[in-house]
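Written out below as structure tokens is the structure these notes cover.
The values are calculated or read from the model by the stated rules, or taken from the named source; none is laboratory data. Keep in mind the model is a prediction, meaning the values are calculated, not measured. Glycine also receives a Cβ, built like all others from the backbone with ideal geometry; neighbour counts cover every protein chain displayed.
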Amino acid sequence: MRKFDGFVETAQPALPTPSRGQVLSAIRKFLSTTPGQNGDSALSDDEPLIENGHMTSLQAVELVLFLEERFSLRIQPEDVSEENFFSMNCVTDLVMSRIRGE
């Protein structure tokens, strides 16, 4: 503990690092509840998201906001690319790299 002008700083417990499976599951759940998806969880992990109409560019932005909040991370504007958002696996790779601090 450190003291700052009469206030005591206490360490916050570290949240457990999510696994790749947990990240992929969160992305799948987000996409399955997105309007127009009809709860379809049969989407392949490597299926093109935008190209095959499973996600619009606006939904990609909503997914970024969801991921930032859910996993307490920051996705930079330059990270929002066709390559990083091509499929659920690609989005998962991006999130895992941000969790690792890359």
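For every residue, the table says whether it meets (1) at positive phi; (2) modelled with pLDDT under 95; (3) not small (Gly, Ala, Ser); (4) not in a loop (DSSP other than H, G, I, E, B).
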site: Val64; (1), (2), (3), (4): no, no, yes, yes
site: Leu67; (1), (2), (3), (4): no, no, yes, yes
site: Ile75; (1), (2), (3), (4): no, no, yes, no
site: Glu82; (1), (2), (3), (4): no, yes, yes, no
site: Phe86; (1), (2), (3), (4): no, no, yes, no
site: Asn89; (1), (2), (3), (4): no, no, yes, yes
site: Thr92; (1), (2), (3), (4): no, no, yes, yes
site: Val95; (1), (2), (3), (4): no, no, yes, yes
- Message: at pLDDT 90 or above and either assigned to a loop (DSSP other than H, G, I, E, B) or within 18 Å of Leu94 (Cβ to Cβ) (or both): is that true of Leu58 in this structure?
- Response: no
- Message: Please go through (1) assigned to a helix (DSSP H, G or I); (2) loosely packed, with under 14 Cβ neighbours inside 10 Å; (3) polar (S, T, N, Q) for Ser44 and return the number of the only condition it doesn't satisfy.
- Response: (1)
- segment 46-79, residues that are in contact with a Leu (Cβ under 9 Å, 6 or more places away or on another chain) and aliphatic (A, V, I, L, M): Leu49, Met55, Ala60, Leu63, Leu67, Leu73, Ile75
- Query: Does Gln76 qualify as being out of contact with any strand residue (DSSP E or B) (no Cβ under 9 Å at 6 or more places or on another chain), free of Cβ contacts under 8 Å to residues at least 60 places away in the same chain, under 18 Å from Pro35 (Cα atoms) and not hydrophobic (A, V, I, L, M, F, W, C)?
  - Reply: no
- Filter segment 54-90 for residues that are among the acidic types (Asp, Glu) and under 19 Å from Pro18 (Cα atoms); which is surrounded by the most Cβ atoms within 10 Å (Cβ to Cβ)? Glu68
